[in-house]
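Here the structure comes first, spelled out in structure tokens, and everything after it is commentary.
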Amino acid sequence: MKILIAADGSPYTRRVLDYIASHGEFIDGHQEFVVLTVVAAVPARAAASVDKELLQSYYDDEAEKVFKPVRAFFKKEGLNAQFVAKVGHAADVIGKTATSGKFDLLMMGSRGHGSLGSLLMGSVVVKVLGHCETPVLLVR
């Protein structure tokens, strides 16, 4: 099974990892995990005034803040995962990546670091659910 994990570094990312660890079907070694984090793009005007290498370094650093504890989890569990960082609007990038990557399952937390959303689910989740063709497992 090919599984995409949308990670943003929030406590809900940790809950997704705890869910994986507590459900043996996810850690039996037959899964292909890809962990995706989406870094919000620096506004175009600001980006134009900054060196491209410095901007890329910023994006890489922000992604690594999210990836560091997730990498530790996968190492502890003895699981392999591919880590992918993209820049853009989280809901759009997650949905497109899940669909274009032909994933069997998208796992994500029900809330995260996104902007204020509905009372039950974050705004990113609502948009992903509305546009994603991949089955989604939300972890609360």
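Where a number appears in this text, it was derived from the coordinates with a stated rule and is not lab data. Predicted model, so just to flag it, every value in this text is computed and none were measured. A quick note on method: Cβ atoms are made from the backbone with ideal geometry, for glycine too, and the neighbour counts reach across all protein chains shown.
Take THR97, THR37 and order them by how many other Cβ atoms sit within 10 Å, fewest up front. Let's see the in-between values first.
Numbers: THR97 20, THR37 24.
Least crowded to most crowded, the residues run THR97, THR37.
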Open item on the list: Along its three principal axes, how long is the chain when you only count alpha carbons? Whole Å, largest extent first please.
Closed with: 49, 33, 27
Open item on the list: Along the Cα→Cβ direction, 7 angstrom out, place labels at GLU133 and ALA48. What is the inter-label distance in nm?
Closed with: 3.6 nm
Open item on the list: If you fit an axis through the alpha-carbon atoms of helix 52-77 and take the longest principal axis of the Cα set of the chain, what angle between them do you get, 0 to 90°, nearest 10?
Closed with: 10 degrees
Task: Relative contact order (percent, whole number), the chain, Cα cutoff 8 Å, 6+ residue spacing - done: 35 percent
- [ ] Using just the helices of the chain, give the 222 nm mean residue ellipticity in deg cm²/dmol: DSSP H runs with n ≥ 4 each add -39,500 (n - 2.57), and the total is spread over all residues, rounded to 500.
- [x] -14000 deg cm²/dmol
Task: Magnitude of the charge dipole, the chain, Cβ model with Lys/Arg +1 and Asp/Glu -1, debye to 20 - done: 240 debye
- [ ] Calculate, in nm to one decimal, what LYS75 and SER57 gain on full extension: separation in residues at 0.36 nm each, minus their alpha carbon distance.
- [x] 4.0 nm
- [ ] Just give me a number: lysine pairs in the chain, eight or more positions apart or cross-chain, with C-alpha atoms less than 13 Å apart.
- [x] 4
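Just want the ordering: TYR12, TYR59, from fewest to most Cβ atoms lying within 10 Å of their own Cβ.
Numbers: TYR12 22, TYR59 16.
If I rank by nearby Cβ atoms, fewest first, I get TYR59, TYR12.
At a 10 Å Cβ-Cβ cut-off, how would you order SER57, SER123, fewest neighbours first?
Values: SER57 12, SER123 16.
Least to most surrounded, the residues fall as SER57, SER123.
Using the beta-carbon distance between GLU64 and ARG140 and R0 = 22 Å, what value does 1/(1 + (r/R0)^6) give for FRET efficiency, to the nearest 0.05?
Rounded to the nearest 0.05, the efficiency is 0.25.
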Task: Most mobile of SER100, SER49, SER22 in a GNM of the chain (Cα contacts under 10 Å) - done: SER49
Open item on the list: Out of all Cα-Cα pairs in the stretch 37-108, roughly what percent, to the nearest whole number, are more than 16 Å apart?
Closed with: 59 percent
